[in-house]
Every structure is written in C-alpha cells, then in structure tokens.
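Asks: Quick one: the structure is below, and I'll ask about it shortly.
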Ligand code: NAD
C-alpha cells in the first residue's frame, strides 16, 4: 500500500505532504507518515525547517471518524503523541492551511510552530458536535494561541472561523495570497533560524485576560445556556479551557484526556456520533438501480402562497432556482409574496443577507393567478388546503398542463399520495415532498414514495434536497408519513392523561426536561389548536373541541392550553383547568396522581412503538431514518440520538415492559409492535447505522 504521506525537499525546507482523499482525515497511516517526516527533519542536519501541507480539497479536516472507538485510534502514534512530536521538532514547523483545518487538523496546526493560511480557509474544532472535545491538546493550545474567549466560542459551539478571523485572533500568522506551498516555503525560510521555537504549549500571554477576569467563564455559560441545554460536551469543553487558564500545561493535558475519555464513554457522544452517520445514511434510497440519473430541475412551480407555499418557494429562490407561484386570488398572492419579502428583509437586517441578495432572490419569483403558467416547470409542488378533493382537482389539471417528465409533488401532511397520483395519467412522476413549518428554516424534508413513483424521481428529490440544504428522508404512504404518524399516539395519550389527572404544564415539563424544545401542549398552542378542528362550536366531544369552541385556538388568539400575555409569555390557565375538570366529571373520572414516569411511558414509549410499527410496515427504510425525522423535524434532542436510538439506550425490554404495564390505559387503538417485542426478547437493538 502506498503511504498517504510523502516528503520532498525544497532547498533546506522539508515538505511533508498529505494525500489522503477525500478530506485528508488523520487516520493511522497519515499520523504515522507525519511522525516519520518530523523524525526525518530531526535527523537530517541539512533540513532547517518543515512545512506540513495537504493536497486535494483541504488540509486535514479532522480525525478519521471510522476509527472512533476502535483500537486503531489509540495505536502508536495516536494524535496526542503526533502533536507532541511536531511541537518538539528541533526545526521550525509551518502548517500551510487551505480548505478546512478541523478538529485533529487544527490540533496539528496548533502544535506546529507557525500557521499560514489562504483567505478562503476555515479553522475549527467541531468535536463538540459529536459530543466530544478536541482531545489532542486542542483545549490547552487553542486558548494559548487564539485567546480564551475565542477558544471558548470555537470549542463549545463547534463553529469554525474564517482564516481572516483566525489571523485577527493570532491563530494564523500570515494570510497567503497566491500559491500556498511556494509562500509557505518562503515563510519557513524566513523563520528557520528563530530560536527558541515558539511552542504553543509554552505560551502564557493570551491566558492573562481570563486570569484578570475569571468571571468570563460563567458569563459565557449564561450567554449560551439555551443553546447548551441538556448537552454535556459544551460544559466539558469549557472546563478543559478553564483548566488551561488555572493549571500548568502538563496538568491541563491530563485533565483534557480525563474529560475526553469521560465524554467518549458516555451515551451522548455515542448518540451524536450515531446521528452523524444516520444523517448521511438517510440519503440512500433502497431499491433504486445504481447509476439512476436525476432529472434536470431548472424551474419550479409552487401552488398556494400560504404558510407553506411561501416558505417552500424561498428555499428554491435562495438556491438560485426560479419559482412561479400560483394563487387563486390577487389578494392572497400579494399577501404571500409580501410575507416572503418580509422574511428575507428580516434575514438581511440581521446581517445574514445583503440587500442585493434579497433583490436577486425576489427577482427570481414570478407570481401568477394562472395554473397554466406552470407549463414550463420541471417540478411543481402543490401546497394548498389539506383537502383531498381540492388536491385531486389540482393534480387532474396539472396532468393537462405540466410538460412531459415534469415532477408533480404534494406537500400534504397526511393525505394518500397514491390516491392523488391516480388522478393523473403519470403516477410515476408523482411523489410527496413534505416540508416542515417554517419551511424556509426547518431542515427536514420527508420524501414520500408512492407505489408507482419512478426511481429517477426519487433520486431527483434527494439531490434537490441537498441543493436547498434540507435533510431528506424517504417515507412510505401511510397516514402522517413518519413524523406526524408518530405524533398521533403522543397526542392521544397526552389528552387522555389530562382527563386522568395530569395538567398540560406537568406533561410539557416532562418533555422539556427530556430535552424537547417544547411539550405537546406548547406545540399545539404554537401550531394552532384549531388545526383539523371540525369548526362546529356546538359539537363538543373532547377537551380540544371545548377549547376551540371558546376561541382558545392557541398563541395566535392569546389563549389555548395556556394563557398568553402581550409578549406571548405563557401561564397556566384556570379556564383550561375548569374545562378539564368539567370533562372529568362528565366522564365520571376521579383524578389520580400521575407520575412523570407514567407520562414518559405513555407519551414517549408509545412513540417508539409507533416508530417500530412504521418500520415493520416498511414505511421507513431504516430505524435511523426515523431518528433523523425526529431530530430535524421536531427538535428531538440529538444527544439522545432520536426515538429509536433512545429506545435502545433505555433498553427495549424496559420499553416493552412499560408499554405492557400501561396496556389497559392505552385505549382500543393501541397495538404493540411485534418487531419491538421480538427485538426485546432477542436482546437485539432496533437502531443501527
Ligand atoms: P394555508 O391555508 O396557509 O395556505 C394554503 C393556500 O393555498 C391559501 O393561500 C389558498 O388561497 C391557496 N389555495 C387553495 N386552493 C388553491 C388553488 N386551487 N390554487 C391556488 N391556490 C390555492 O395552508 P398551509 O398551512 O400552507 O398548508 C398547505 C399544505 O401544506 C397542506 O396540505 C398542509 O397539510 C401542508 N402542511 C402544512 C404545514 C403547516 O405547519 N402549516 C406543515 C406541513 C405541511
């Protein structure tokens, strides 16, 4: 096997070049090659300086994640050893950075005595996103080189900085315009005689700001409390950096190692790493012949400029794809396009878009009142009212209007895609594209595969999703697809629990403490309690009907399951309590104490069960896809992996036991998944990637 690392000489500079596509990950052979190169430099008296550089699209973009948790990652030379060997090189080492110097890649750069970078490079330590910390001296060297505040920001959020920002922080010594290697060698020539060598681990100057102001750590924690809620890794990163300030380097690296190993052996890191692979796996479509080519999508049509149609259109406009949006009446059309412009302006006012970009995006939009204007579109997405007759009517018309080969999609939340497809003469071109609200922001896209959907239509949808920066998951035709179908038992049980003695705030609190952004009743108030309501205030069959009948439709009306003040801050509602008690009395139910564990069993275990039913029915391709839906569609905490991964960490026998314990209360519609039971009995896991 050829080594991914080669050394060459340019005068008295030794160049260590990595060539390990696609991203020069720091696998074992790369690490070994770097060490060999440094040893060569130490040995050879003619070598006066060293440049470490990478070929291809990037500098070392990180550790080799496929080695995680395997003996290979600890085998000599492990990354902590590599960086020490680099720093202890007797000749100056210059890291020449392009692309991304991420994680272990940045640690290699930090251990080098100097760093030069092209302006387009990005530097970061994203380990926190995998539930970890940079464990090869990164938490100790980064604050010493870039300053404590910058190090906290980078390590605890995992967000990279641009080379320019890095230069301003002192993390990069020189920005290189032009040929990187040539300039890096020239830089090495300039510094070859500098002694003592500037070792990051020996620097102290940048730690002073935190010694003078030790409160900055708590300030940082508080400022990010919301973002970090529930996650272990950000706090571990902060603690490691705090140690860098408080303890000598040698003690700091030991503490870093200890914290790293604690994280590595925890459930959160496992969950986050699982999810990393789950997300990548989701784009693979089962049963599609290799080499299936996507169709060309140059122009998109959207029908309906309501809540969803507007947001859906923005995704394409932002990606530079022209959109024709069709409404029934001018007023609705103006309102819809007005909201789109307002949303773009809001983004611009936060500095995330220029006025020019807003103008460009809106310039790609053609508003219309005529379906026939969609004749030249390659993809048409229907986002009108959730009503089968209306949708059938539209698809019937589209069949006459759309050009041959155009893809016809519905954004329906629940309706049967096959039934919709049957109204056309081209069911192979029809599929569901289920966006989540707000559609311009939410990352998830459920791609609903109809019985007759053609493979190239699916491939096109998955590729297009990437282009508009969505994470797509393939779902089968079943009521509510993956995500909303799993909401049903949760909602049913949450409502039933109210009758039995729980309060909305108790149930919501269990969900928020679990890590969800909000509980079922907070979500209902946000989305609208009236969604799907029969609209007859005299027909009151359940608590929800009673709320709707008195105009408690949620946040938009200032009242729902909670009362809201003018700033939309919720408080428990005596009126809702009254309605609940009224129903209990009518149903002859004596309220009892409901434990948090019962809430978990009835609202979360039932979701897991529904996920397993979806899986055994073939409506999801794999358990990890279900997890992707819940993390990206509903804010399931990624540190718990997703409902199916979480079920495995709870233990499937415990889940099945909990469900059986509640069986009498779960109602006539509840059905225990045989897949779940058999996996539990066989001591197998349900989630894997
Ligand atoms: P909405 O009521 O906000 O918008 C629907 C729009 O479609 C209205 O502006 C209406 O005038 C227009 N319309 C109706 N019939 C039309 C026709 N024949 N031609 C052109 N325009 C027509 O509804 P929404 O919330 O945007 O939902 C649209 C679809 O998206 C539904 O199928 C819904 O189930 C689905 N969906 C909604 C959400 C959500 O959270 N709102 C999320 C995912 C999917």
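Asks: Between 0 and 90 degrees, rounded to the nearest ten: what's the tilt of helix 28-43 against the longest Cα principal axis of the chain?
Replies: Taking the Cα atoms of the chain, the angle to 28-43 is about 20 degrees.
Asks: Further question on the same structure: Between region 251-321 and region 336-390, what is the separation of their alpha carbon centroids in Å?
Replies: So the two Cα centres are separated by 23 Å.
Asks: Quick one: helix 623-634 against the long Cα principal axis of the chain, what's the angle to the nearest 10°, folded into 0 to 90?
Replies: Its long axis makes an angle of about 80 degrees.
Asks: While we're on this one: Expressed as a fraction of 2.2 N^0.38 Å, the rule-of-thumb size for a compact globular protein of N residues, what is the C-alpha radius of gyration of region 31-168? Don't jump to the answer; show the numbers that get you there.
Replies: On the way: Rg = 14.4 Å, N = 138, 2.2 N^0.38 = 14.3 Å.
Dividing the Cα radius of gyration by 2.2 N^0.38 Å gives 1.01.
Asks: Shape call for region 81-131 from the C-alpha gyration tensor, a ≥ b ≥ c root eigenvalues: rounded (a/c under 1.5), prolate (a/b greater than b/c) or oblate? Before the final figure, lay out the partial values.
Replies: Values: a/c = 3.91, a/b = 1.28, b/c = 3.04.
The shape class here is oblate.
Asks: Here is a follow-up. Per-residue counts of other Cβ atoms within 10 Å, averaged by peptide: what ranking do you get for 340-347, 590-597, highest first? Write down the numbers at each step before the final one.
Replies: Numbers: 340-347: 16.0, 590-597: 11.9.
In descending order of packing, they fall as 340-347, 590-597.
Asks: I would also like to ask the following. Please rank 83, 185, 390, fewest neighbouring Cβ atoms within 10 Å first, as an exposure proxy.
Replies: Numbers: 83 27, 185 20, 390 13.
The order, fewest Cβ neighbours first, is 390, 185, 83.
Asks: Between residue 42 and residue 221, how high is the FRET efficiency from 1/(1 + (r/R0)^6) when r is the Cβ-Cβ distance and R₀ = 45 Å? Nearest 0.05.
Replies: On the way: r = 43 Å, r/R0 = 0.95.
Rounded to the nearest 0.05, the efficiency is 0.60.
Asks: Related question: Defining a contact as two alpha carbons under 8 Å apart and six or more residues distant in sequence, what relative contact order in percent does the chain show?
Replies: Working: 1294 pairs, mean separation 61.2, N = 689.
It comes to 9 percent, rounded to a whole number.
Asks: As a test, work out the antiparallel percent of DSSP beta bridges whose residues both lie in the chain, rounded to the nearest 5.
Replies: Numbers: 18 of 61 bridges.
Of the beta bridges lying entirely in the chain, close to 30 percent run antiparallel.
Asks: In degrees from 0 to 90, rounded to the nearest 10, what is the angle of the helix 180-191 Cα long axis to the longest principal axis of the chain?
Replies: Computed tilt is about 40 degrees.
Asks: When you count, for each residue, the other Cβ atoms within 10 Å and take the mean per peptide, how do 208-219, 576-587, 627-638, 545-556 rank with the highest first?
Replies: Per-residue mean Cβ counts within 10 Å order the peptides as 627-638, 545-556, 576-587, 208-219.
Asks: Using the Cα atoms as the points, what is the convex hull volume per residue of the chain in Å³? Don't jump to the answer; show the numbers that get you there.
Replies: Values: hull volume 128.4 nm³, N = 689.
Value for the chain: 186 Å³ per residue.
Asks: Could you let me know the centre-to-centre spacing of region 182-224 and region 92-111, using Cα atoms, in angstrom?
Replies: Between the Cα centres of region 182-224 and region 92-111 lies a distance of 14 Å.
Asks: Fewest to most neighbouring Cβ within 10 Å: what's the order for 534, 183?
Replies: On the way: 534 10, 183 19.
In increasing order of surrounding Cβ atoms, one gets 534, 183.
Asks: Between rounded, prolate and oblate, where does region 149-279 land on the alpha carbon gyration tensor, with a ≥ b ≥ c its root eigenvalues, rounded for a/c under 1.5, else prolate if a/b exceeds b/c? Walk me through the numbers on the way to the answer.
Replies: Values: a/c = 1.92, a/b = 1.49, b/c = 1.28.
Prolate shape, in that a/c is at least 1.5 and a/b is the bigger ratio.
Asks: Still on this structure: Given the convex hull of the Cα atoms of region 342-450, what is a quarter of its surface area in nm²?
Replies: Numbers: hull surface 30.5 nm².
Average of the hull's projected areas for region 342-450 equals 7.6 nm².
Asks: Based on alpha-carbon centroids, what's the gap between region 533-584 and region 614-673 in Å, whole number please?
Replies: Each part's Cα centre sits 29 Å from the other's.
Asks: Once you place label points 7 Å from the Cα toward the Cβ at residue 293 and residue 55, how far apart are they in nm?
Replies: According to this spin-label approximation, the distance is 3.1 nm.
Asks: Rounded, prolate or oblate: which fits region 522-592 when a ≥ b ≥ c are the square roots of the eigenvalues of the alpha-carbon gyration tensor, with rounded for a/c under 1.5 and prolate only if a/b beats b/c?
Replies: Details: a/c = 2.36, a/b = 1.33, b/c = 1.77.
Judged from the Cα gyration tensor, region 522-592 comes out oblate (a/c at least 1.5, b/c at or above a/b).
Asks: Using a 10 Å cut-off on Cβ atoms, rank the peptides 639-645, 226-232, 520-526 from the highest mean neighbour count down. Walk me through the numbers before you get to the answer.
Replies: Values: 639-645: 25.9, 226-232: 14.7, 520-526: 23.0.
In decreasing order of mean packing, 639-645, 226-232, 520-526 become 639-645, 520-526, 226-232.
Asks: Now, a different point. Counting other beta carbons within 10 Å of each Cβ, put 605, 249 in order, fewest first. Could the numbers behind the result be given before it?
Replies: Values: 605 25, 249 19.
Result, fewest neighbours first: 249, 605.
Each reported figure results from applying straightforward, stated rules to the coordinates on display, with no laboratory input. The model shown is predicted, which means the values in this text are computed figures rather than measured ones. Glycine gets a Cβ as well: all are built from the backbone with ideal geometry, and neighbour counts include every protein chain shown.
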